[in-house]
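Novice: Can you keep this structure in mind? I'll have questions shortly.
The values are calculated or read from the model by the stated rules, or taken from the named source; none is laboratory data. Only a predicted model underlies this, so the values are computations on that prediction, with no experimental measurement involved. FYI the Cβ positions are ideal-geometry reconstructions off the backbone, even for glycines, and counts take in every protein chain you see.
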Amino acid sequence: MDIEKFIANWLKVSNDFDTEQYLGMYHKNAVLDDPSVGRKFMGHQGIKNYFESYFIGYNTKTRLTDLTVKGDKAHLEVEFTGNFPEGKIKGIFDFAFKEDKISEARADLI
């Protein structure tokens, strides 16, 4: 699996607000933990709720500022812009992969 290419596509799909393709990049049993919103999102339905609420709902665009890949894990540093009070804020994603999909994700604001 080419993780760098996967991340580039994940960013494009996210910024295009393509819910179907976005969910397709996550394993069906994936867990997304986001301490900044105080919740864990389980499986496709939970991750759909997360994406629609915090990305589509706030018109959030994500720009990659740094990417570190180690084995089957990736650490992203990003900048979010959107219709939220700060207008622009930095964040991170940590991904683990299984069967060429995101199996575990941790998202947070920094």
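Novice: Would you call Glu104 modelled with pLDDT under 95 and charged (D, E, K, R)?
Specialist: No.
Novice: Do we have any residue at all in the stretch 47-63 that's more than 16 Å from Asn15 (Cβ to Cβ) and surrounded by 15 or more Cβ atoms within 10 Å (Cβ to Cβ)?
Specialist: yes
Novice: How do the helices (runs of 4 or more DSSP H) wholly within the stretch 1-81 filter down when requiring 3 or more residues that are in contact (Cβ under 8 Å) with a residue 60 or more places away in the chain and on the phi < 0 side of the Ramachandran plot: which remain?
Specialist: 3-15
Novice: Do we find that Ala96 is closer than 27 Å to Met1 by Cα, touching a Gly at 6+ places or on another chain (Cβ under 7 Å) and not charged (D, E, K, R) in this structure?
Specialist: no
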